[in-house]
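Q: Quick one: this structure, given as structure tokens, is what I'll be asking you about.
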Amino acid sequence: MLAQTAQNGSGRTAKPADRSLSPHDVIELLDSHARFLEGKRGGVRADLSLSSLEGFDLRGVNLSNAKLAGASLRCCHLEDATLVGADLFGADLRSAHLVNANFTSADLKGAMLRGADLTGANLTKADLREGTLYTSGSTGEIEQNSADNTGFDAHRAVLRQADLSGTKLSESAITQTDLRGAILRNVDFSGADLSGSNLANADLTGCNLSNANLSGCNLRGADLTGATIENCNFSEADLNQAQVEGLDFSSANIAGANLTRSPSSLSPDIQQRLSNHYAWMESFGAEGERAVLNGVDLSHVDLSNVDLSAADLSNATLLGTRLSGSLLVMADLSNADLSNAVLDGVDLSGANMKSACFQGALMRNANLGPADIRDRNGSPTGRTWPANLLEADLSDADLTEASLVQANLGGAKFDGANLMRADLSEANLKETSMAGAITDDAKLPSA
């Protein structure tokens, strides 16, 4: 008999037992269990706890609700088997063949799965948390069996809403797997390959994702609060609406990722500088102070419709930042990186964008023309200040219907950019590169 211990519900003790079963014994148990599942007379729930079934061929069997705690199923063939609700606490499934097996709602706490093939397996709502099985040896000594699932292998498996809290899955391959809504708190995924997996609304709080590969993953609505993401690969991942506040993406690969952070994810110091700047703009300098954000990382922050006019954003990192409809009139963006930023409808009139990078940015209907110079009271002086894009890189940017009137575009790169219906009247195009640019219906300076 197995008894639950009081050790946080994560351990069990078991009496010694000799459970080496012959094929005949197993067939009888399966027949009796089938009658049990069908509600027929004489049916008995299969109890294979602590049994040795290593290498057995159990393909397609139905062991739903069976007792398999502590069983040795190492190298066992369980392809297409049904183990819905089965008790597999502390079971040894190392190198088992579990292709397309159904473990829905199964208790797999402490199960050893290293080297198992879970391709196409269904582990929806399964419990894979850590657990320890304590057994009495032949001489009465206590033996402890804990799972080490380093090297766990699950390709195109279904782990929807499964609970893997605290498990060690470093260096595992869990590719193209359905982990929607899974509970993955404090899981060690260091060095694991989760590429192409669906982790929408998963709980990844406190996870170790250092050096992990999450490229192409769906992480919409996932909670990554407190996760370690050093050198993690999030390229092409969808992190829309994911909770990423406080995470340091500086060493992570977020190329092509859909990642939007709220301003509240910024440090208190940066938030205060932004707040002071808004007050400074609204009061025409009477209150607050101009924002100096030189070299600050504002990547993937949603700053749509804010007023950052005259702010110092030189050398700032604004990768994928959303600034649609924002005001950056006369702002300093020299040497800033705005690759893949969303700048539709932004007002950059008179801004200094010397050597800034706008590769792949969306700048449709953006205003990069001259700014009206105003006095301290905000009244026009009749003078203007042109935008400076000297040696800026706008390769592959979308500038459809953008205004670049009188802009200094000397040495700038517009290779592959979309300039349809853009207005470049009176702009300086000396040494400007437009290889492959689309200029249909654009207004270019007269020769």
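Read-outs: derived from the displayed coordinates by stated rules, not from any lab. Quick caveat: nothing in here was measured; it's all calculated off a predicted structure. Here the Cβ positions follow ideal geometry from the backbone for every residue, glycine too, while neighbour counts run over all protein chains shown.
Q: Name the shape class, rounded, prolate or oblate, that the alpha-carbon gyration tensor gives for segment 292-344, where a ≥ b ≥ c are the square roots of its eigenvalues, rounded holds for a/c under 1.5, and otherwise prolate holds if a/b is larger than b/c and oblate otherwise.
A: The shape class here is oblate.
Q: Just to check I understand the Karplus step: with θ = phi - 60° and J = 6.51 cos²θ - 1.76 cosθ + 1.60, what whole-Hz values come out for segment 342-354, glycine and proline as x?
A: 9, 10, 4, x, 6, 9, 10, 4, x, 6, 9, 10, 4
Q: Using 0.36 nm per residue, how much length does the chain from D440 to S22 gain when fully extended, once their Cα-Cα distance is taken away?
A: Answer, rounded to one decimal: 142.5 nm.
Q: Please say if segment 1-130 is rounded, prolate or oblate, where rounded means a/c under 1.5 for a ≥ b ≥ c the square roots of the C-alpha gyration tensor eigenvalues, and otherwise the choice is prolate for a/b larger than b/c and oblate otherwise?
A: Numbers: a/c = 1.33, a/b = 1.10, b/c = 1.21.
Verdict is rounded for segment 1-130.
Q: Is it possible to state the helix-based mean residue ellipticity at 222 nm for the chain, with each DSSP H run of 4+ residues giving -39500 (n - 2.57), the sum divided by total residues, to the nearest 500 deg cm²/dmol? What is it?
A: Estimated from H runs of four or more residues: -2500 deg cm²/dmol.
Q: Counting only other residues whose beta carbon sits under 13 Å from that of S190, what net charge do I get with K and R as +1, D and E as -1?
A: -3
Q: Identify all lysines with a Cα-Cα distance to K40 below 25 Å; exclude those on the same chain that are fewer than 8 residues away in sequence.
A: K67
Q: Using Cα positions and a limit of under 23 Å, work out the lysines in reach of K443, with same-chain residues fewer than 8 apart set aside.
A: The qualifying lysines are K354, K413, K430.
Q: Let me ask another. For a Förster distance of 60 Å, can you work out the FRET efficiency between the beta-carbons of S425 and E171, rounded to the nearest 0.05?
A: Using R0 = 60 Å, I get an efficiency of 0.55.
Q: Tabulate in residue order the Karplus-calculated ³J(HN,Hα) for segment 167-183, using 6.51 cos²θ - 1.76 cosθ + 1.60 with θ = phi - 60°, rounded to whole Hz; enter x for Gly and Pro.
A: 6, 9, 10, 4, 6, 7, 10, 10, 8, 6, 9, 8, 10, 4, x, 5, 9
Q: Classify segment 150-259 as rounded, prolate or oblate, taking a ≥ b ≥ c as the square roots of the eigenvalues of its Cα gyration tensor: rounded when a/c is under 1.5, otherwise prolate if a/b is larger than b/c and oblate if not.
A: rounded
Q: Next question, about the same structure. Quick one: check the C-alpha center-to-center distance for segment 291-305 versus segment 171-236, whole angstrom.
A: Segment 291-305 and segment 171-236 have Cα centres separated by 26 Å.
Q: Same structure again: Which aspartates and glutamates, on any chain, are close to K168 with Cα under 15 Å apart, when same-chain ones fewer than 8 places away are left out?
A: D127, E130, D148, D153, D188, D193
Q: Now for a separate question. Taking amide H atoms as placed 1.01 Å from N in the peptide plane, list the residues 5 or more away in sequence, or in a different chain, whose amide H sits under 5 Å from that of G416.
A: D396, A435, G436, A437
Q: Between Y278 and T225, what FRET efficiency follows from the Cβ-Cβ distance if R0 is 35 Å, with the result rounded to 0.05? Walk me through the numbers on the way to the answer.
A: Numbers: r = 28 Å, r/R0 = 0.79.
After rounding to 0.05, the efficiency reads 0.80.
Q: Quick one: if the Förster radius is 25 Å, what FRET efficiency do S379 and E287 give, using the C-beta to C-beta distance and rounding to 0.05?
A: The computed FRET efficiency comes out at 0.85.
Q: Among R376, R59, R364, which one shows the biggest mean-square fluctuation in a GNM of the chain, springs joining Cα atoms closer than 10 Å?
A: R376
Q: Where in segment 54-98 does the amide nitrogen come within less than 20 Å of the point 7 Å from the Cα of R45, taken along Cα to Cβ?
A: From segment 54-98, the list is 61-72, 82-92.
Q: Just grab the label-to-label distance for S32 and N305, each label 7 Å out from Cα along the Cβ direction, in nm (one decimal).
A: According to this spin-label approximation, the distance is 7.0 nm.
Q: Here's a follow-up. Can you work out the Karplus-derived ³J(HN,Hα) for every residue in segment 217-233? Use 6.51 cos²θ - 1.76 cosθ + 1.60 with θ = phi - 60°, whole Hz, and x for glycine or proline.
A: Residue by residue, segment 217-233 yields 7, 8, 10, 4, x, 6, 9, 10, 4, x, 6, 9, 10, 4, 6, 6, 9 Hz.
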